[in-house]
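Undergrad: Quick one: structure below, then a few questions.
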Amino acid sequence: MPATDLDTIVSLAKRRGFVYPSAEIYGGFANTYDYGPLGVELKRNIRSEWWKAMVQERDDVVGVDAALISNPRVWVASGHVANFTDPLVDCRTCKLRFRMDHIEEGQYEEIQRQEDGSYRCPRGKCDFTEPREFNMMFKTQVGPVANEESVAFLPPETAQGIFINFENVLNSTRKKLPFGIAQTRVSFRNEITPGKFIFRTLEFEQMEMEYFCLPGTDRELHRYWIDERMRWYIDRVGISPERLREREHTADELSHYSAGTSDIEYLFPWGWGELEGVANRTDFDLKAHAAESGHELTYYDEDSGQHVVPYVIEPAAGLTRTVAVAMLEAYTEEPDEKGDNRIVLKFKPAIAPIKVAVLPLSKKPDLQGASKRVSDLLRPHYMTQYDETQSIGRRYRRQDEIGTPLCVTIDFETLEDDAVTIRERDTQEQIRVPIANVVDAVRDKLGF
Ligand code: GAP
């Protein structure tokens, strides 16, 4: 069973060093989190599984890493300056600002809808201003003078860094359609609705791929990428298919660039929520950048002998949102060897922050020496944690709770037979292997 309430994961994440509220010593900062020693590994591993599936294991996708702050005309052309807005209202009663659509969806705990259709907050009856469109992009200034000309934007998506490099990648790689350009990077949005932990934050990481194709092949490829991405969450992140679904956007939900979008949604403790959007962006972006920049962003199609503007299918995933889902999904409570309750994060080994823990039964120097030898053998291959504090039972519990698939225990017999015990997280089964074979035995169990 996955975690059924978010607080369980929020508290485990802080206690064990996955995710901390940002700037806590200053009272925190809304919708902002920091990643701790285990969170940074989990995030890195999920990003790496995405890159493997989307780039490394394919010959039709290449990667880029574009600058975060770039020419502001990028965001004029993309339509974000004009269209990337949310409808905001101010409440004259409590003096706070809200997103009207999120009030209507019941996303604010403190605002309750009344039977007559009005709303109440703890300060009394809400008195909202008319909704005003508010741009979600963060502005900054570039250069020594702060004026209108020096305004630049922090990117609200990674996609535009790909579109502005379409011509460069085409010229330098000679790729033939269909082909994709992938990027994982941080994005920024001025979100004002409280974010449900790392589900919605001001700063978050995305994993996006723009798949360029001939017009007319876009519908079929849209379907293909929805299926591929659904499979990735199941096979690579370990999400159960019952808690994933595809949801097609209604016409009034579509982004300004999209001819069709399907979200991949996860069943969060509060209900279904978006994990990834797979959009048919048509030729909107390349045409928009061509018009703004004066560069002809086309592809020469040898079969038709014509220059065409490719269509684009975009699977756009949230990395930090997937970190939350991986933790929720892996969370399990079950009996241990003695029948006591144990908490286990049943991560797939490939995304587990620590792959193997090395645990001497006691702090005796002989055992420490053998344990160091085992750690030295494992560290070049796997993220390894050495732990000699507290009882062995508590150390197993701690490793279970952070999702470590294997524990290697060094005991007094080790000094006689030069062998160690490997314990599996999920089955709690133990096998004995010679130290000389420990790397092979761990590889065998992890599968990589
Ligand atoms: N380039 C298209 C695009 O950005 P999106 O649906 O706005 O599409 C894609 O974003 C994914 O990025 C979302 O499905 C979600 O996982 C993640 N995401 C968007 N806003 C986020 C936020 N404020 N905090 C965390 N993740 C976010």
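Since every read-out is calculated from the coordinates, none of them should be taken as a lab result. Quick caveat: nothing in here was measured; it's all calculated off a predicted structure. In this analysis, Cβ positions are derived from the backbone assuming ideal geometry, glycine residues included, and neighbour counts consider all displayed protein chains.
Undergrad: For the Cα atoms of the chain, what angle does the longest principal axis make with the long axis of helix 37-51, in degrees from 0 to 90, nearest 10?
TA: Between the helix axis and the principal axis of the chain, the angle is about 60 degrees.
Undergrad: I would also like to ask the following. Taking the Cα centre of the range 1-116 as the origin, how large is its charge dipole in debye, to the nearest 20, when only Lys and Arg (+1) and Asp and Glu (-1) carry charge on their Cβ atoms?
TA: Working: 14 positive and 19 negative charges, 104 e Å.
Charge dipole, the range 1-116, about its Cα centre: 500 debye, nearest 20.
Undergrad: Can you give me the three principal axis dimensions of the chain from its C-alpha atoms, in Å, biggest first?
TA: 76, 67, 49
Undergrad: Let me ask another. Calculate the FRET efficiency for Asp440 and Arg243 from the Cβ-Cβ distance with a Förster distance of 41 Å, rounded to the nearest 0.05. Please list the in-between numbers first.
TA: Details: r = 36 Å, r/R0 = 0.87.
After rounding, the FRET efficiency stands at 0.70.
Undergrad: So which of Lys52/Lys372; Lys348/Lys372; Lys176/Lys445 end up more than 29 Å apart by C-alpha? Numbers along the way, then the final one.
TA: On the way: Lys52/Lys372 32 Å; Lys348/Lys372 27 Å; Lys176/Lys445 40 Å.
From the list (Lys52/Lys372; Lys348/Lys372; Lys176/Lys445), the Cα-Cα distance tops 29 Å for Lys52/Lys372; Lys176/Lys445.
Undergrad: Just want the ordering: Thr201, Thr250, Thr129, Thr217, from fewest to most Cβ atoms lying within 10 Å of their own Cβ.
TA: Thr250, Thr129, Thr217, Thr201
Undergrad: What is the dipole size for the chain, taken about its Cα centre, with +1 at each Lys and Arg Cβ and -1 at each Asp and Glu Cβ, in debye to the nearest 20? Could you put the intermediate results ahead of the total?
TA: Values: 56 positive and 75 negative charges, 270 e Å.
The dipole magnitude comes to about 1300 debye.
Undergrad: Compute log10 of I(q)/I(0) for the range 354-446 with the Debye formula, placing one identical point scatterer on every Cα and leaving out solvent, at q = 0.13, 0.22 Å⁻¹, to two decimals.
TA: -0.35, -1.10
Undergrad: Hey, another quick one. May I ask which residue of Tyr119, Cys94, Thr129 lies farthest towards the positive end of the charge dipole of the range 85-135, with charges of +1 (Lys, Arg) and -1 (Asp, Glu) on Cβ and the Cα centre as origin?
TA: Cys94
Undergrad: So what is the 222 nm mean residue ellipticity for the chain from helices alone, if each DSSP H run of at least 4 adds -39500 (n - 2.57) and you divide by all residues, rounding to the nearest 500 deg cm²/dmol? Before the final figure, lay out the partial values.
TA: On the way: 14 runs with 128 residues, N = 448.
Using -39500 (n - 2.57) per qualifying helix, the result is -8000 deg cm²/dmol.
Undergrad: How compact is the range 85-135 by the rule of thumb for globular proteins, expressed as Cα Rg over 2.2 N^0.38 Å?
TA: Details: Rg = 10.3 Å, N = 51, 2.2 N^0.38 = 9.8 Å.
The value comes to 1.05.
Undergrad: Expressed as a whole number of Å, what is the distance separating the alpha-carbon centroids of the range 63-129 and the range 408-438?
TA: If we compute the Cα centre of each part, the gap is 56 Å.
Undergrad: Can you list, bin by bin at 5 Å, the percent of alpha carbon pairs in the range 1-51, starting at 0?
TA: So the P(r) values, bin by bin, are 5, 19, 20, 24, 19, 9, 3, 0.
Undergrad: Which order do peptides 178-187, 89-98, 75-84 fall in by mean Cβ count within 10 Å, highest first? Display every interim value, and only then the final one.
TA: Values: 178-187: 20.9, 89-98: 15.8, 75-84: 17.7.
Answer by packing, highest mean first, reads 178-187, 75-84, 89-98.
Undergrad: When the Cα centres of the range 206-220 and the range 1-32 are compared, how far apart do they sit, in Å?
TA: 36
Undergrad: Translational D (Stokes-Einstein, µm²/s) of the range 99-253 at 37 °C and 0.692 mPa s when Rh comes from the Kirkwood sum over C-alpha pairs?
TA: Numbers: Rh = 20.1 Å.
This corresponds to a translational diffusion coefficient of 164 µm²/s.
Undergrad: Additional query: Which value, in debye to the nearest 20, describes the size of the charge dipole of the range 158-313 about its Cα centre when Lys and Arg Cβ atoms bear +1, Asp and Glu Cβ atoms bear -1, and nothing else is charged? Mind dumping the intermediate values first?
TA: Values: 17 positive and 27 negative charges, 80 e Å.
Charge dipole of the range 158-313: 380 debye, to the nearest 20.
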